[in-house]
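To start, the structure under review is shown below, and the notes come after it.
The values are calculated or read from the model by the stated rules, or taken from the named source; none is laboratory data. The structure displayed is predicted, hence computed values, not measured ones. Neighbour counts run over all protein chains shown; Cβ positions are idealised from the backbone, glycine included. The area values use the complete protein model at the heavy-atom level, side chains included, leaving out ligands, DNA and RNA. Shrake-Rupley method; radii C 1.70, N 1.55, O 1.52, S 1.80 Å.
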Amino acid sequence: MTVARHLSLAVPLLAVLAAARLERDRDARAAALLAFVAGAVGIAALDEAARRTGWYTFAPVRGAYRGLPVDLWIGWAALWGPLPVLLRRVLPLPLALGLLLWLDAVAMPALHPLVRLGPHWLVGEAAGLLAVALPAQLLGRWCADRRHLAARALLQVGLFAALLLWFVPTLAFELGDGSWAGLTGLPASRLLLVGQVVLLVATPALAAVREFAVRGGGTPYPWDPPRRLVTTGPYAYLANPMQLGGVALVLLTAAATGSLALAGAGATAVAFAAAVAGPHEEHDLAGRYPEGWRAYRRRVRDWWPRWRPYVSGPPAVLWLDADCGPCAAVWRFLARRHPVGLVLRPASAYDGVLRRAEYAGGDGHRERGVAAVARALEHVHLGWALAGWTLRLPGVAWLAQLVTDAMIAPPRPAGVRRAGQAGTRKVRAAAVGAGEAEAGRAGRRGEGCPTPSSASWTAPSPRSASTASPGSRPVPSPPPPG
């Protein structure tokens with residue numbers, strides 16, 4: 001049994017080292033490391049499920065984590081994670097999964113009595129390949145080849161959530177104090193409340209991940225970073241929103257489970273971020289974005305957020321239909337709070353037909369509908385920014401837009417100005433008159449945004465705002481309607 005354990009560790013690690021010599025790309029090696037972490041966490045979770053279902057168990061041996069021999073665990077994670085990623089150019093994903101299935105089907109019975117198979121162990125094997133090996137391979141391969149940005153960012157969020165909310169606490173309970181009983185023993189109503197608090201604490205971090213993907217073209221993984229300096233969203237208030245969110249979640253879990261060991265892990269994470277990760281990030285970003293990074297860091301702190309956002313570059317623009325009651329209310333709400341780096345413009349100034357509120361950032365990023373208003377809230381202050389980030393969570397944004405379209409302001413065309421298609425003054429005047437008459441009728445009926453509306457105010461198009469020099473001052477918004 002000792003020889004089997006040594007071979008289970010040595011053979012996969014030697015294979016990984018040999019494959020790493022063939023794959024010289026630094027990003028691919030880093031992606032293989034990420035696949036290894038995903039495989040290790042997934043196999044630990046699979047072992048928990050296997051014990052409960054009777055798929056397989058392991059003989060009691062020294063050097064085990066919750067009954068799983070550590071050497072076998074590491075070797076297994078190496079096979080399911082980095083090895084196929086490093087060989088991805090010659091080993092397509094279906095072939096890799098087929099070889100892993102064949103290898104496990106041969107090796108697991110041969111490892112008896114170290115591995116004790118149940119009658120349905122092949123079901124567990126299939127479940128492991130689909131739930132652990134496949135996601136680890138997709139994550140590693142997509143990160144190595146920089147493909148499917150949204151999907152690989154989502155997989156990273158899933159992996160980091162499993163690390164912070166399950167693996168690290170379970171490891172702390174195993175080596176120190178505390179247990180899940182502090183949470184599992186709560187009534188359903190309190191568990192729901194804890195879940196809501198967890199979501200609230202995690203919201204800035206989730207918004208920061210999305211900001212990395214949609215505004216920066218990258219992910220939270222240090223070797224798969226954004227391609228542009230991201231200073232919007234949560235980063236307009238705090239330099240380390242993901243790190244702060246992760247530490248807060250660990251400390252919240254420690255308080256709920258009564259684990260001093262887990263609280264110590266949270267404090268260790270803060271020390272590591274300040275002493276190791278922080279200087280490395282500072283050096284890397286200062287080298288890639290010398291001017292922008294220094295200006296940003298002079299105004300934005302690591303662990304203590306600003307109350308009002310930091311904004312650089314051209315101002316963002318929010319288009320709203322001034323003839324729509326709810327839209328006009330949003331206009332007045334924002335104008336009274338003097339948003340930073342945001343210009344409010346009427347739909348009549350939009351270059352085309354506007355069916356919902358639209359937001360255009362200084363970098364060209366666009367959002368529509370409820371998401372556009374949520375983006376605008378980021379320009380007010382930290383409290384309203386948190387509300388905006390919550391509104392833009394997956395599922396929440398869809399539901400909020402559905403309710404808005406059905407009950408508050410249905411999408412209707414507004415803004416008829418087109419470049420090169422202005423028409424005569426008489427036609428514009430007729431359009432304005434028709435729009436005002438329709439607005440009056442809609443107001444009396446309680447309908448949403450009318451169609452069409454127009455005005456003679458001619459603000460610059462969003463393209464001119466996007467190409468303004470970073471030092472230009474924001475153009476003041478026109479006075480709010482009403």
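Sorted by mean Cβ packing within 10 Å, highest first, what order do the peptides 335-341, 201-207 take? Don't skip to the answer; put the middle values down first.
Working: 335-341: 16.1, 201-207: 22.3.
Highest to lowest by the protection proxy: 201-207, 335-341.
With a cut-off of at most 16 other beta carbons within 10 Å, and DSSP calling the residue loop, which trypsin sites (Lys or Arg not before Pro) in region 107-201 qualify? Please list them.
Answer in residue order: R146, R147.
Over the Cα atoms of region 299-344, each weighted equally, I'd like the Debye log10 I(q)/I(0) at q = 0.29, 0.32, 0.33 Å⁻¹, rounded to two decimals.
Each listed q maps to, in turn, -1.06, -1.15, -1.18.
If you count, for each residue, the other Cβ atoms within 10 Å and average over each peptide, how do 351-358, 65-72 line up from highest to lowest?
The most tightly packed comes first, giving 351-358, 65-72.
Convex hull volume of the Cα atoms in region 253-343, per residue, in Å³?
157 Å³
May I ask for the angle, rounded to the nearest 10°, between helix 93-110 and the longest principal axis of the chain, with both axes built from Cα atoms and the value confined to 0 to 90°?
30 degrees
Each label point is 7 Å from the Cα along the Cα-to-Cβ direction; what then is the distance between the points at R26 and L130, in nm?
Inter-label distance under the simple model: 4.0 nm.
Give, as a single signed number, the net charge of other residues whose beta carbon lies under 15 Å from the beta carbon of T2, with Lys and Arg counted +1 and Asp and Glu -1.
+1
Relative to the longest principal axis of the C-alpha atoms of the chain, give the angle of the C-alpha long axis of helix 241-257, reported between 0 and 90° and rounded to the nearest 10°.
Approximately 60 degrees, to the nearest ten.
Given labels modelled 7 Å from the Cα in the Cβ direction, how far is it in nm from T268 to R332?
5.7 nm
So, for the chain, what is the accessible surface per residue at a probe of 1.4 Å, expressed in square angstrom? Can you show the working numbers first?
Values: 23670 Å² over 482 residues.
For the chain, the solvent-accessible area averages 49 Å² per residue.
What spacing in nm lies between the two simple spin-label points modelled at A18 and V197, each 7 Å away from Cα in the Cβ direction?
Each label point is offset 7 Å from its Cα along the Cβ direction, giving 5.3 nm.
Below 14 angstrom from the Cβ of G369, what's the summed charge of the other residues (Lys, Arg +1; Asp, Glu -1)?
Result for the local shell: +3.
In whole angstrom, how far apart do the alpha carbon centroids of region 319-389 and region 139-197 sit?
34 Å
Given N residues in the chain, what is Rg(Cα) / (2.2 N^0.38 Å)?
Taking N as the residue count of the chain, the ratio is 1.19.
How high is the relative contact order of region 315-363, given as a whole-number percent (alpha carbon pairs under 8 Å, six or more residues apart)?
58 percent
Order 29-35, 54-60 from most to least packed using the mean count of other Cβ atoms within 10 Å.
Highest mean packing first, the order is 29-35, 54-60.
Expressed as a whole percentage, what fraction of the accessible surface of region 184-318 belongs to carbon and sulfur atoms when a 1.4 Å probe is rolled over the protein heavy atoms?
So the carbon and sulfur contribution to the accessible surface is 67 percent.
On C-alpha positions alone, give me the angle between the axis of helix 290-299 and the longest principal axis of the chain, in degrees, nearest 10.
Compared with the principal axis, the helix lies near 80 degrees.
Please express the shape of region 1-146 as an equivalent ellipsoid: the semi-axes are the square roots of 5 times the eigenvalues of the C-alpha gyration tensor, given largest first in whole angstrom.
Semi-axes, largest first: 25, 16, 13 Å.
Within a Cβ distance under 14 Å of V276, other residues only, what is the Lys/Arg minus Asp/Glu net charge?
-4
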